[in-house]
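Have a look at this one before I ask anything.
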Amino acid sequence: MIKMSEEEEILKIEEMKRGPDYLYIAENINEDIEADKIIEIIKDKSITLEYIPQIKVIFLWTSKELSEDEYKQLKEKYGFEKVE
Amino acid sequence: MAFQITPKLINVYDWSEYDIKPWTQDVLLKEITRPNAELPRYLLLYKDNEFVVLDNLGQVVLKKQVSYTIGVARINNNGQVLVWSGNTIRLYDINGELLFSKTINGEIDDVEIGNEYFWIAFHAGDYFYVTSYRISDFTKWEHAMINADIYYVDLSCSESGYYCLLAYHYEYPAYHIVVYYSFGARLFSKGIYWRDRSYRGCSRMRPDGALALFGGYYPYEYARSWLAVIRRDGVHTIIYERWYSGDSRYQVGTNASFTSIAFVHGASNTIIRKEFDPNTMGYVDLDPIYLPENAEASPYYTIEWGDMTPDGYYMLVQSPSKIYIVDMVEGVVKKAITKGITGRPFKMIPSYV
């Protein structure tokens with residue numbers, strides 16, 4: 001039975017603590033990025049790619065550190081460097 | 001199916017109308033929208049691979065072809081356009097230059113843009129994110145929440161984008177939740193007991209961010225469709241509710257201060273009017289205004305349809321075959337424009353010359 005009520009409550013949906021984000025940057029990018037191709041290389045992580053044409057930089061944020069193979073591919077194809 | 005779209009300039013002194021030339025073309029129209037602003041200056045029209053920005057004299061400011069399929073586009077009062085396509089959003093300047101793009105390996109739920117900030121809500125991995133960016137330098141603020149059971153997400157932001165309302169449906173128990181954000185700082189969360197089911201397009205924020213209107217419905221056997229106004233401090237007032245049926249989606253008009261709120265639901269010819277007091281969060285019912293025919297039903301739970309001039313003098317509502325401009329002071333329909341499109345919202349912007 002559904003209770004009909006005007007009752008309200010403040011819900012306590014706790015924000016989850018994320019692990020640290022890892023940031024990789026590729027510079028001197030002159031065209032809109034092939035984002036889906038970059039995403040295909042990376043497995044099992046949350047990924048955000050931000051591209052700012054005016055400064056020709058791609059920011060790649062990942063929820064886990066890239067594997068050696070992923071990092072190698074992204075470095076060779078797009079010039080991504082890890083930001084420590 | 002192509003639609004002939006002819007923007008019109010309407011003179012409210014003699015109700016004459018002028019087709020805007022030279023821009024007129026067949027387009028596969030997806031939507032007409034405008035900035036959330038106290039004095040909106042632009043109209044944005046878009047189809048699958050093109051968007052067009054018109055100023056308040058109907059002149060084409062920008063016609064932009066893109067190489068991808070536009071899902072949703074939004075415009076701020078500086079004429080900058082935020083385009084959502086699949087898992088990517090792109091921000092274009094008023095001259096069509098790409099300023100920013102963002103791609104995620106997840107699902108975007110909604111986007112909104114103000115003059116200084118834009119907002120993105122999306123699911124990625126284990127989390128649901130609400131992210132805002134400052135347009136001037138793309139500084140980012142972000143909240144992440146566990147993503148389970150968060151559905152039917154809707155964002156609406158203020159004219160500057162400084163404030164944003166997030167409405168979403170939380171699976172169990174069936175709460176309709178609204179959250180006010182500012183720069184990633186969550187001002188409050190509110191679960192409204194057993195008022196279920198927000199949906200994209202279910203909210204509209206006052207341009208200064210002090211209030212927001214939002215709608216939803218009670219589910220199941222107690223089905224009610226309702227509208228509420230919520231204040232930035234979390235106080236809210238249910239201003240209207242009715243038995244829910246498939247035709248009870250609203251077309252809504254508000255003036256810039258939200259002191260005048262009017263709406264009509266599908267399969268009804270009655271524009272219901274409320275005089276709202278933001279200080280007391282109370283309202284007074286005003287005499288309704290009657291259309292010559294029933295209004296067209298907007299999509300589920302949305303209140304994106306309908307429009308009102310910022311001064312509250314005129315309201316736009318539509319039937320399946322006509323667009324009506326209603327004089328809210330005299331309480332009469334002043335203009336009826338025949339349309340051949342159904343299932344699409346229409347918007348208007350004031351033109352002062």
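Can you pull out every residue in the stretch B:300-353 that is charged (D, E, K, R) and within 19 Å of residue B:266 (Cα to Cα)?
B:304, B:307, B:322, B:339, B:344, B:347, listed by residue number.
Separate question: What's the number of the only condition in (1) surrounded by 14 or more Cβ atoms within 10 Å (Cβ to Cβ); (2) at pLDDT below 95 that residue B:19 fails to meet?
All conditions are met except number (1).
Taking residue B:133 as meeting all but one of (1) under 26 Å from residue A:19 (Cα atoms); (2) modelled with pLDDT of 95 or more; (3) under 18 Å from the mean Cα position of the chain (by Cα), write down the number of the exception.
(3)
Identify all residues within the stretch B:197-223 that are more than 10 Å from chain A (Cβ to nearest Cβ) and modelled with pLDDT under 70; write none if there are none.
If the condition is that a residue be more than 10 Å from chain A (Cβ to nearest Cβ) and modelled with pLDDT under 70, then B:197, B:198 are the ones that fit.
Exactly one of these conditions fails for residue B:88: (1) at the interface with chain A (Cβ under 9 Å from one of its Cβ atoms); (2) in contact with a Ser or Thr (Cβ under 9 Å, 6 or more places away or on another chain); (3) farther than 24 Å from residue B:304 by Cβ. Give me its number.
If we test residue B:88 against (1) at the interface with chain A (Cβ under 9 Å from one of its Cβ atoms); (2) in contact with a Ser or Thr (Cβ under 9 Å, 6 or more places away or on another chain); (3) farther than 24 Å from residue B:304 by Cβ, just (3) comes out false.
Out of the strands (runs of 3 or more DSSP E) lying entirely within the stretch B:266-353, which hold 3 or more residues that are closer than 23 Å to residue B:53 by Cα and within 17 Å of the chain's Cα centre (by Cα)? Before you say what the answer is, go through the steps one by one.
Numbers: elements: B:270-277, B:282-290, B:314-318, B:322-327, B:332-338.
Qualifying strands (runs of 3 or more DSSP E): B:314-318.
Separate question: Going through the stretch B:275-292 one residue at a time, which ones are in contact with a Phe, Trp or Tyr (Cβ under 9 Å, 6 or more places away or on another chain) and either surrounded by fewer than 21 Cβ atoms within 10 Å (Cβ to Cβ) or modelled with pLDDT under 95 (or both)?
B:275, B:277, B:278, B:282, B:283, B:284, B:291, B:292, listed by residue number.
Residue B:101 is checked against (1) farther than 22 Å from residue A:62 by Cβ; (2) of a type in the set (Gly, Ala, Ser); (3) buried (at least 20 other Cβ atoms within 10 Å of the Cβ) and fails just one. What number does that condition carry?
Single failed check for residue B:101: (1).
Looking at B:54, B:44 in this structure, which one is in contact (Cβ under 8 Å) with a residue 40 or more places away in the chain and more than 14 Å from chain A (Cβ to nearest Cβ)?
B:54
Go through (1) more than 7 Å from chain A (Cβ to nearest Cβ); (2) closer than 15 Å to residue B:163 by Cβ and name the single condition residue B:143 misses.
Among (1) more than 7 Å from chain A (Cβ to nearest Cβ); (2) closer than 15 Å to residue B:163 by Cβ, residue B:143 violates only (1).
Return yes or no: is residue B:152 aromatic (Phe, Trp, Tyr), surrounded by fewer than 22 Cβ atoms within 10 Å (Cβ to Cβ) and under 27 Å from residue B:45 (Cβ atoms)?
Numbers: aromatic (Phe, Trp, Tyr): yes; surrounded by fewer than 22 Cβ atoms within 10 Å (Cβ to Cβ): yes; under 27 Å from residue B:45 (Cβ atoms): yes.
Spelling it out, residue B:152 is indeed aromatic (Phe, Trp, Tyr), surrounded by fewer than 22 Cβ atoms within 10 Å (Cβ to Cβ) and under 27 Å from residue B:45 (Cβ atoms).
Name, by its number, the condition in (1) free of Cβ contacts under 8 Å to residues at least 40 places away in the same chain; (2) under 29 Å from residue B:351 (Cβ atoms) that does not hold for residue B:294.
(2)
Right, next: Given the structure, is residue B:300 modelled with pLDDT of 95 or more and surrounded by fewer than 18 Cβ atoms within 10 Å (Cβ to Cβ)?
Working: modelled with pLDDT of 95 or more: no; surrounded by fewer than 18 Cβ atoms within 10 Å (Cβ to Cβ): yes.
For residue B:300, the condition - modelled with pLDDT of 95 or more and surrounded by fewer than 18 Cβ atoms within 10 Å (Cβ to Cβ) - is not met.
On the given criteria, is residue B:57 modelled with pLDDT of 95 or more, under 22 Å from residue B:115 (Cβ atoms) and out of contact with any Gly (no Cβ under 7 Å at 6 or more places or on another chain)?
Against the criterion (modelled with pLDDT of 95 or more, under 22 Å from residue B:115 (Cβ atoms) and out of contact with any Gly (no Cβ under 7 Å at 6 or more places or on another chain)), residue B:57 does not qualify.
Also: State whether the residues of the stretch B:264-273 include one that is on the phi > 0 side of the Ramachandran plot, at pLDDT 95 or above and not acidic (Asp, Glu).
No: zero hits.
Could you please find all residues in the stretch B:104-114 being more than 8 Å from chain A (Cβ to nearest Cβ) and crowded, with 21+ Cβ neighbours inside 10 Å?
Restricting attention to the stretch B:104-114, the residues satisfying the condition of being more than 8 Å from chain A (Cβ to nearest Cβ) are B:107-114.
Within the stretch B:104-114, B:108, B:109, B:110, B:111, B:112, B:113, B:114 meet the criteria.
Which of the residues that make up the stretch B:145-196 are at pLDDT below 85 and among the acidic types (Asp, Glu)?
B:149, B:171, B:196, listed by residue number.
Among the residues of the stretch B:117-149, count how many are over 25 Å from residue A:29 (Cβ atoms), surrounded by fewer than 17 Cβ atoms within 10 Å (Cβ to Cβ) and not aliphatic (A, V, I, L, M).
2
The values are calculated or read from the model by the stated rules, or taken from the named source; none is laboratory data. Since the model is a prediction, treat every value here as computed from it, not as a measurement. All Cβ positions, glycine included, derive from the backbone under ideal geometry; neighbour counts span all protein chains shown.
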